[in-house]
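Everything on this sheet refers to the single structure shown next.
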């Protein structure tokens, strides 16, 4: 079990484990909690919620002042690429340097230091996007995806303005096809709705196991 309270944004409760994973937002927190449990790493890697999009750089300064950080030997950071994976990576690296932490030269590369540091940019460290896109890739062969695509095509034919974030909308639509249709992305991870053995998750699983 993870120490209590860490799902709260920018928690300053004492760090318990020697490996820390920083993610952005409650959905990501729950998603990675479920994935770490699947990998058997939930009792080895402590997850910290930095808050919303763009909060990681400022949160890192808070993290280094958190009790127990002196025991951390490995720090992993995951954030969405949004429009540009390269810009997202540089933003994280700027935050690392501002917090006087080691910054890797390239995404997923491990920067030596105390702690060692590595960064993963969702969905795949290359393309623009976010966690939702990674999950959609993993369920691409699910029969419900055909219906999801048809739904949004129907909206367009009817002249309905599509949501600004189509990936988030597609995830919600896909999850409405499951036994529990009202779950958020992170909650769905705990229900097993994202197939961890799908190759879409291979890179992020490798990132976590290398921490």
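Where a number appears in this text, it was derived from the coordinates with a stated rule and is not lab data. As the structure is a computational prediction, the values presented were derived from the model and not from experiment. In this analysis, Cβ positions are derived from the backbone assuming ideal geometry, glycine residues included, and neighbour counts consider all displayed protein chains.
Would you list 62, 209 from fewest to most Cβ contacts within 10 Å?
So the ranking, lowest neighbour count to highest, is 209, 62.
Which angle from 0 to 90°, rounded to the nearest 10, does the C-alpha axis of helix 166-175 make with the longest principal axis of the chain?
70
Measuring from centroid to centroid over Cα atoms, what is the spacing of the stretch 177-211 and the stretch 50-116 in Å?
With the stretch 177-211 and the stretch 50-116 each reduced to a Cα centre, they are spaced 23 Å.
Does anyone have the angle between helix 26-39 and the longest principal axis of the chain? Alpha-carbon axes, 0 to 90°, nearest 10?
With rounding to tens, the tilt is 80 degrees.
Among 166, 47, 15, whose mean-square fluctuation peaks in a Gaussian network model of the chain (Cα, cutoff 10 Å)?
Checking each option, the largest mean-square fluctuation is seen for 166.
What share of Cα pairs, in percent, lie more than 19 angstrom apart in the stretch 65-158?
54
To the nearest 10 degrees, how steep is helix 85-98 against the longest Cα principal axis of the chain, on a 0 to 90 scale?
20
What fraction of the DSSP beta bridges in the chain is antiparallel, stated in percent and rounded to the nearest 5?
Around 10 percent antiparallel, to the nearest 5.
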